[in-house]
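The values are calculated or read from the model by the stated rules, or taken from the named source; none is laboratory data. Given the structure is predicted, the values throughout are model-derived calculations rather than measurements. All Cβ positions, glycine included, derive from the backbone under ideal geometry; neighbour counts span all protein chains shown.
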Amino acid sequence: MSGADFDRWIGVSSPGSGAGLDWLETKREAARAKVRGQGIPTSKQEAWRYTSVKRLLEQGFVPADEAITALQPEDIEEVLIPGLASHRVVLVNGRYLPGLSQVGQLPPGVRIGGLQQILKSDPDALRDRVNGVAGEEQPLFAALNTAGLDDGLVVLLERGAALSQPVELIHLSVGMDEPRVAQPRHIVAIEDGAQATLIERYLSLGQSLYCTNSVLEVSLGRDAVLKHHRIQDESPNAFHITGLYIRLGQGSRYQGVNVGLGAAWARTDLQVRFAGEHAECDLQGLYMAGDQQLMDYHLDVDHRLPHCASRENFKGILYGKGRAVFDGRVYVAKDAQKTDAAMSNRNLVLSEGAEVDAKPQLEINADDVKCSHGTTVGQLEPEMLFYLRSRGIKAPLARRMLCLGFAGEILDVLESAPLREQVADQVGHRLEHAPLD
Amino acid sequence: MLSVKGLKANVGEKEILKGLDLEIGPGEVHAIMGPNGSGKSTFAHVLSGREGYEVTGGSVSFEGQDLLAMEPEERAHRGLFLAFQYPVELPGVNNTYFLKAALNSIRKSRGEPELDAVSFLRLMKEKLKVLHLDDSLLKRPVNFGFSGGEKKRNEIFQMALLEPKLAILDETDSGLDIDALRIVADGVNTLRSPERSVILVTHYQRLLDYIQPDYVHVLSGGRIIRSGGKDLALELEERGYGWITGEEVAA
C-alpha cells in the first residue's frame, strides 16, 4: 500500500473555499505533499502500534463536497439539549449552515462564524491562524485535513473579551449514498485576558457510515481561559479522527473534558505546547468502548518552559469486545523547572473480551519538578457490588451505578448542568445496553 | 421469623460455623456475643448472602422461605438488612441516588409504586429528623471519605429508610464514641416494633446498655453455647468469655 490510498480524500483539485488566496493554496499543497510522502501508517510506527487504519481504508471514503441544504431547524431539534443556552454553530458534514445556527448577540471583541465565510470576508484574520498552532509538520490525518481545508468553526476573542454563554458547536453527520469524509478545521483564538467556554458535540442523524476527520487549533494568549468540553457521540458505524492542538500563553488556563462514546473507530491526538510560564493545562477524559468499538488516544504534552502545570486524567469503561488505547506522553525539558505534571489513566474492564493498551510515559529532564503517572486496569470491586445488592439493588443496576460512579469524576467537571445530565444519560444508556455480566 | 438449624459454613477450607441453631420471633431483639474468631461476623455474612462463604450443612428459613437459596438482593426485598461492620465506600455514587435506588428496588419487588423525587425527599427528611441526623451525608458519595461514625450512622439511616423485617447489625458499635453509639442505639430503638426483629452482633456489652435485648446468645467455636436474658451480657462483661468457653471445653 502507499500514500495513494488517501488520494481520493485529497482530490485532484482544491475545495472552492478561500479561492484566490495564495497563502491558503500553498498550505494545502504543502499538506498534500506531506500526505503523499508519509504513506499509510503501519504498526511499526510507535503512534500506530496498537491501531490499524485498514478498516478505515477499506471504506473508500470520498470528500463530503455537497452542501446539505435540505435540513430545516426542526430536523435538528432532537439533538439540542434543553436548557443549554449557547451561541450555537451547526455544521453538517463539515459545512457551516447559518440557517441552522443561532449565534445570537455577541459582546464586543468576539467573532463566531464559519471558516469559509470568514475566509471570504476577512481572510487576513485567519492567515496566521491556519496551521498557527498545528504547525507545518503535521501527522497524516491533520495533513489530510489541511489538504482538504474547506470549512469549520472560527471563534475569535480579542484581548479582554468574555463570553457569558458557551459557544456550542454541533457537528452533525448525515449519511450519503457513498460513504463521505468531512474534514472540518476549527480555529479558536482567545487573546490576552479573554475567557470562553467551548462545547463541541459530534453527532449523527441516523446510524450511517461516514468519517469525520477534524482538527481544532486553540491558541490562548496571556492569562486567557478556555473551558472546552468535547463530546464525541457519532453514529455506531462512523469513523472519527481528531487532532487537538493547544498552545498556552503565559498564565493562561485550558480546561478540557474529552468524552468519547460513539463511532466504531475513533482516534484522538492531543498536542499541548506551553508558550509562556505559569500556564495550566487540565485534560480530563472519559471513553467507553463496546463491541466493534475502538477508542484510541494519544496525548503529547510538552513542558518546555518552567512553572507550568498539566493534569492528564483519562478514564475508560470497556465491555463486550471493546478496545481502547491510551498512549500518553509528558515531556519535561531540561530548563522546565518547577513543572507540575500528573498523568493518570484508569480503566474498568467489564468483560473478558475487552482490551486496553495503556502506555503512559513521563520523560523528565529537569531535576526540580513534581511529576507522577499511574495506570490501572481493573474490574468492579465485588464488595461494592455486594453492598449495593444487599440493599435490594439488582446486580445489573448495581453494575451500572458503579460504572456511572466511576465516570462521575470526569462528568462532574462538565460545568453546564444540562450538558452534564445529557452526557450522563448517554453513558447510562450505553451501560444499559452493554453486556455487563 | 428466622429459623436457623444446624448451620455449618466454611471460609475456604476452614469450617467456621459448626452447627448453629437459632430461633428468632417477630419483634424480638437478640444479641449475639462472643470472642473474636467465634464466627459472629461469618454468621451475619452468611445470612446476608455474601460471596466467599460455603454453606456445608443445615438450613436457614426466613418467614418460611429458604433464605440460603436467595440472591442477596432478593433477601433485601423480603426484608433482610445487614448493617455492615465495615461499610463500603462507593466513590462517585451519590448517597441520595443510592438510597432512592435501594428503596425503589425494594418497593418494586413488593409490587408497590416507585417513589418520585419529591415524595422520596420528603420521606428522607422525615427519617433524618427521627434519627436526629443532618442532611450533609446525603449530598456526598456513599460512605466515601466518611468518618467511622458517619459510616455507621449512614447504615442506621439506610435501615430506617428501608424498614426491614429483620435487621442484622454486625458490630455496628465497634470503634464508635459514646455519642455515635447513642445515635446508633436511638436509631435501632426507634425502629423497634412488634413486627421487626433485630440481631445485634457485638463483642462488647456496651451497646446493650442502650439497646435492651430480649435474648443474649454466646457464640463460640461456631456454635451457640449459651443463651439467656440480658443478665447474661452483664455476667459476660464482668467475667469475660473464659468462664463459658472454658465450660464448653470441659463439657
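None of B:GLY175, B:GLY149, B:GLY145 is in contact with a helix residue (DSSP H, G or I) (Cβ under 6 Å, 6 or more places away or on another chain), in contact (Cβ under 8 Å) with a residue 24 or more places away in the chain, surrounded by fewer than 21 Cβ atoms within 10 Å (Cβ to Cβ) and outside any helix (DSSP H, G or I) except B:GLY175. Scanning the stretch B:184-202 for residues that are under 18 Å from B:LYS151 (Cβ atoms) and surrounded by fewer than 18 Cβ atoms within 10 Å (Cβ to Cβ) yields a single hit, B:ASP186.
State yes or no: is A:ALA354 touching a residue at least 40 places away in the same chain (Cβ under 8 Å), buried (at least 16 other Cβ atoms within 10 Å of the Cβ), hydrophobic (A, V, I, L, M, F, W, C) and within 11 Å of chain B (Cβ to nearest Cβ)? In short, no.
Residues in the stretch A:206-233 that are touching a residue at least 40 places away in the same chain (Cβ under 8 Å), in a loop (DSSP other than H, G, I, E, B) and under 16 Å from A:ALA64 (Cα atoms): A:LEU209, A:TYR210.
Given the criteria surrounded by 21 or more Cβ atoms within 10 Å (Cβ to Cβ) and more than 25 Å from B:VAL88 (Cβ to Cβ), does B:LEU47 qualify? When the stated conditions are applied, B:LEU47 does not pass them.
Residue-by-condition table, conditions (1) among the basic types (Lys, Arg); (2) in contact (Cβ under 8 Å) with a residue 12 or more places away in the chain:
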{"site": "B:ALA167", "(1), (2)": "no, yes"}
{"site": "B:ASP170", "(1), (2)": "no, yes"}
{"site": "B:ILE183", "(1), (2)": "no, yes"}
{"site": "B:SER193", "(1), (2)": "no, yes"}
{"site": "B:VAL218", "(1), (2)": "no, yes"}
{"site": "B:LYS230", "(1), (2)": "yes, yes"}
{"site": "B:ARG239", "(1), (2)": "yes, no"}
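Does any residue of the stretch B:126-136 turn out to be within 12 Å of chain A (Cβ to nearest Cβ) and at positive phi? Within the stretch B:126-136, not a single residue is within 12 Å of chain A (Cβ to nearest Cβ) and at positive phi.
Restricting A:LEU385, A:LEU397 to those that are within 23 Å of B:LYS108 (Cα to Cα), modelled with pLDDT under 95, in a helix (DSSP H, G or I) and within 14 Å of chain B (Cβ to nearest Cβ) reduces the list to A:LEU397.
Per the conditions (1) without any contact (Cβ under 8 Å) to a residue 40 or more places away in the chain; (2) farther than 20 Å from A:VAL259 by Cβ; (3) away from chain B (no Cβ under 11 Å), the sole criterion not satisfied by A:ARG391 is (3). The set of residues in the stretch A:400-419 that are in a helix (DSSP H, G or I) and within 13 Å of another protein chain (Cβ to nearest Cβ) comprises A:ARG400, A:MET401, A:LEU402, A:CYS403, A:LEU404, A:GLY405, A:PHE406, A:ALA407, A:GLY408, A:GLU409, A:ILE410, A:LEU411.
Residue pairs whose Cβ atoms lie under 9 Å apart, sitting 6 or more positions apart in sequence or on different chains, and linking a residue in the stretch B:58-69 that is of a type in the set (Val, Ile, Thr) to a partner that is outside any strand (DSSP E or B), are B:VAL60/B:VAL46; B:VAL60/B:LEU47; B:VAL60/B:LEU67; B:VAL60/B:LEU68.
Residue-by-condition table, conditions (1) at pLDDT 95 or above; (2) more than 20 Å from the chain's Cα centre (by Cα); (3) of a type outside the set (Phe, Trp, Tyr); (4) closer than 27 Å to A:ARG420 by Cβ:
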position: A:THR146; (1), (2), (3), (4): yes, no, yes, no
position: A:GLY152; (1), (2), (3), (4): yes, no, yes, yes
position: A:SER173; (1), (2), (3), (4): yes, no, yes, yes
position: A:ARG180; (1), (2), (3), (4): no, no, yes, no
position: A:GLY193; (1), (2), (3), (4): yes, yes, yes, no
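Exactly one residue among A:TYR254, A:TYR319 is hydroxyl-bearing (Ser, Thr, Tyr) and farther than 21 Å from A:VAL427 by Cβ, and that residue is A:TYR254. Evaluated against (1) more than 29 Å from B:GLY27 (Cβ to Cβ); (2) touching a Lys or Arg at 6+ places or on another chain (Cβ under 9 Å), B:VAL93 falls short on exactly one condition, (2).
Residues that are surrounded by 15 or more Cβ atoms within 10 Å (Cβ to Cβ) and either of a type in the set (Phe, Trp, Tyr) or free of Cβ contacts under 8 Å to residues at least 12 places away in the same chain (or both) are absent from the stretch B:10-26.
Counting only helices (runs of 4 or more DSSP H) that sit completely within the stretch B:1-111, those holding 2 or more residues that are of a type in the set (Lys, Arg) correspond to B:95-109.
Looking across B:LYS165, B:LYS139, one residue alone is under 28 Å from B:SER3 (Cα atoms), among the charged types (D, E, K, R), away from chain A (no Cβ under 12 Å) and surrounded by fewer than 21 Cβ atoms within 10 Å (Cβ to Cβ). It is B:LYS165.
In this structure, A:ALA342 qualifies as touching a residue at least 24 places away in the same chain (Cβ under 8 Å), within 30 Å of A:ARG399 (Cα to Cα), in contact with a strand residue (DSSP E or B) (Cβ under 6 Å, 6 or more places away or on another chain) and surrounded by fewer than 23 Cβ atoms within 10 Å (Cβ to Cβ).
Of everything listed in (1) in a loop (DSSP other than H, G, I, E, B); (2) under 26 Å from the mean Cα position of the chain (by Cα); (3) within 14 Å of chain B (Cβ to nearest Cβ); (4) charged (D, E, K, R), the single unmet condition for A:ASP425 is (1). Any residue at all in the stretch B:93-115 that is acidic (Asp, Glu), surrounded by fewer than 16 Cβ atoms within 10 Å (Cβ to Cβ) and either modelled with pLDDT of 85 or more or touching a Phe, Trp or Tyr at 6+ places or on another chain (Cβ under 9 Å) (or both)? Yes, the stretch B:93-115 contains a residue that is acidic (Asp, Glu), surrounded by fewer than 16 Cβ atoms within 10 Å (Cβ to Cβ) and either modelled with pLDDT of 85 or more or touching a Phe, Trp or Tyr at 6+ places or on another chain (Cβ under 9 Å) (or both).
At least 2 residues being free of Cβ contacts under 8 Å to residues at least 60 places away in the same chain and under 28 Å from A:GLY206 (Cβ atoms) is the threshold, and among the helices (runs of 4 or more DSSP H) wholly inside the stretch A:1-93 those reaching it are A:54-58. The residues of the stretch B:23-80 that are touching a Ser or Thr at 6+ places or on another chain (Cβ under 9 Å), within 14 Å of another protein chain (Cβ to nearest Cβ) and among the hydrophobic types (A, V, I, L, M, F, W, C), listed by number, are B:LEU67, B:ALA76, B:LEU80.
Residues in the stretch B:81-100 that are within 16 Å of B:LEU138 (Cβ to Cβ) and more than 10 Å from every other protein chain (Cβ to nearest Cβ): B:ASN95, B:THR96, B:LYS100. One residue alone among B:LEU80, B:LEU90 is at pLDDT 95 or above, surrounded by 19 or more Cβ atoms within 10 Å (Cβ to Cβ), within 15 Å of the chain's Cα centre (by Cα) and not basic (Lys, Arg), and that residue is B:LEU80.
For the stretch A:347-382, a residue qualifies if it is over 29 Å from A:LEU305 (Cβ atoms) and part of a strand (DSSP E or B), and the qualifying residues are A:ASN347, A:LEU348, A:VAL349, A:GLU355, A:VAL356, A:ASP357, A:THR376, A:VAL377, A:GLY378. Each residue in the stretch B:114-140 was checked for being farther than 16 Å from B:GLU163 by Cα and assigned to a loop (DSSP other than H, G, I, E, B), and 5 pass.
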